[in-house]
1. Cα-Cα over 25 Å: which of Lys6/Lys236; Lys4/Lys222; Lys92/Lys118; Lys161/Lys264; Lys222/Lys278?
2. Using Cβ contacts closer than 10 Å as the measure, can you line up Asp97, Asp25 from fewest to most?
3. What shape does region 92-166 have by the C-alpha gyration tensor, where a ≥ b ≥ c are the square roots of the eigenvalues, rounded means a/c under 1.5, and otherwise prolate means a/b greater than b/c and oblate the rest?
4. Under 19 Å between alpha carbons, and skipping anything fewer than 8 positions from Lys209 in its own chain: which lysines qualify?
5. Using θ = phi - 60° and the Karplus form 6.51 cos²θ - 1.76 cosθ + 1.60, what ³J(HN,Hα) does each residue of region 212-226 get, whole Hz, x for Gly and Pro?
6. If the reach is capped at under 14 angstrom between alpha carbons, list the aspartates and glutamates near Lys358, excluding any in the same chain fewer than eight residues apart.
7. Quick one: Cα convex hull volume of region 146-222, Å³ per residue?
8. Hey, could you pull the Cα Rg and Dmax for region 76-216, both in Å?
Amino acid sequence: MYQKIKYLILGAGPSGLTLAHTLLDLGIAREELLVLEANEEPGGLCRSTVVDGSPLDIGGGHFLDIRKREVLDFLFRFMPPEEWNSHDRVAKIILRDQEIDHPLEANLWQLTKEDQVKYLESIAQTGSVRGEKMPKSFIQWVRWKLGERIADDYMLPYNQKIWSMDLNLLGTYWLYKLPDVSFHEILKSCLEGKAFGALPAHGTFLYPKKYGYGEVWKRMGKALGDRLFTNTKVTKIDLPNKIINDTYQAEHIITSIPWTLWLKIASSLPETICESIKKLVHISIDVDYQKENLSTPAHWIYEPREEISYHRILVRSNFCPGSQGYWTECNGARSPQAQGFRHHNEYAYPVNTLDKPKAIATILDWGQGNNIYGLGRWGKWEHMNSDIAVAEAIAIAKQIVLATR
Ligand SMILES: Cc1cc2nc3c(=O)[nH]c(=O)nc-3n(C[C@H](O)[C@H](O)[C@H](O)COP(=O)(O)OP(=O)(O)OC[C@H]3O[C@@H](n4cnc5c(N)ncnc54)[C@H](O)[C@@H]3O)c2cc1C
């Protein structure tokens, strides 16, 4: 016979872990829920390992944004405030072999006067400054918002590297994630010699004093005890009966694993849902460690030069006490052969294609009608940060309990 589980959670990344704990906080009995995780450790993209004697975040550079009180309070239950260091972000961009603070448009004042004039002239002619309508495609949006120079010197080459795909396929609905600096603020920053404008995330961030970012999720997983099965990959979903891996029969499935896997493992998916899933695109990221110490105050550096394979450097020695070296993030499609430690993240970024909003809305609607809930980065197909993943999982747990009690 099958083991009956009221709430079966697929995946123990930040989303699945938070959802499970919130269900318990809301009074759901332990035996009513179960989390299945493919890896031997929970934490998903937020896991860390030890490389060259210090922590390294295998999913890329991970920093905790401090702006959501509810999220901090939740995470501090597992890793109290005294175990975190607070950092004022130092993020740089390589531009013409020079390090400039990020975001570029707020820090043009760091260029020579001659270059400042060239960039300002280019921004003054943008569609956004002239009040033209915001375009719908990404490339046009970059030129409309930031001008030809920033587009050609940084934004487009950098985005070409990270996505390694036709940028015309990207939409603009996700651009609220990028810094928003007005022309007025750009001029002011050049005149006053300091940055103005809003940073979308990580102005100040927390990073563990002694561990990698993965530690908090590891502890969260441990606190679930026998309600979390690691090394348990979901390989079969009998959809009409909600039977997973021929073992567990769920009343409600909460899925934080990529929908594209469902195509391979779920039986009887309706044709329209298969078609929508096929429209979802993701990219992979390779994380590579380098031993060398870099002389820079940056926590991380964006690298737009095409001839260099990776697109971001994470300067571990500047945020991880007692460590040395750095690691890089590179799109898996363009990364050269590994020279040392490498972790390949097949599912790293969901891609914000023009097609995505409609496709994911169709999938989520269908799921909801069948007691299947999409959760987190892969359930919602959104490149949300872990603080958002936690906040959303808390909210969704409350909704599910309200609807199913
Ligand atoms: C390069 C990079 C940098 C980032 N930087 C930051 C940052 O600075 N700050 C920040 O807050 N966030 C950052 N993020 C985002 C953060 O990683 C995500 O928000 C978070 O991991 C989302 O959690 P999740 O649980 O939704 O997804 P995931 O972490 O992807 O978890 C999904 C889980 O499902 C499991 N799974 C998959 N398939 C199966 C299967 N068949 N059976 C069972 N289990 C399965 C996986 O093993 C994984 O554990 C970054 C992400 C990347 C890629």
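1. Lys161/Lys264; Lys222/Lys278, as the Cα separations exceed 25 Å there.
2. Values: Asp97 6, Asp25 14.
Fewest to most other Cβ atoms nearby, the residues stand as Asp97, Asp25.
3. Working: a/c = 2.44, a/b = 1.14, b/c = 2.13.
Cα axes put region 92-166 in the oblate bin.
4. Candidates past the 8-residue exclusion: Lys218.
5. Karplus values, whole Hz, x for Gly and Pro: x, 5, x, 4, 5, 6, 4, 5, 5, x, 4, 5, 7, x, 7.
6. Glu275, Glu382
7. On the way: hull volume 13.8 nm³, N = 77.
Each residue corresponds to 179 Å³ of Cα convex hull volume.
8. 17.5, 52
Bear in mind that the values in this text are calculations on the coordinates, not laboratory data. Because the structure is a prediction, the values reported are computed rather than measured. Cβ atoms come from the backbone with ideal geometry, glycine included; neighbour counts cover every protein chain shown.
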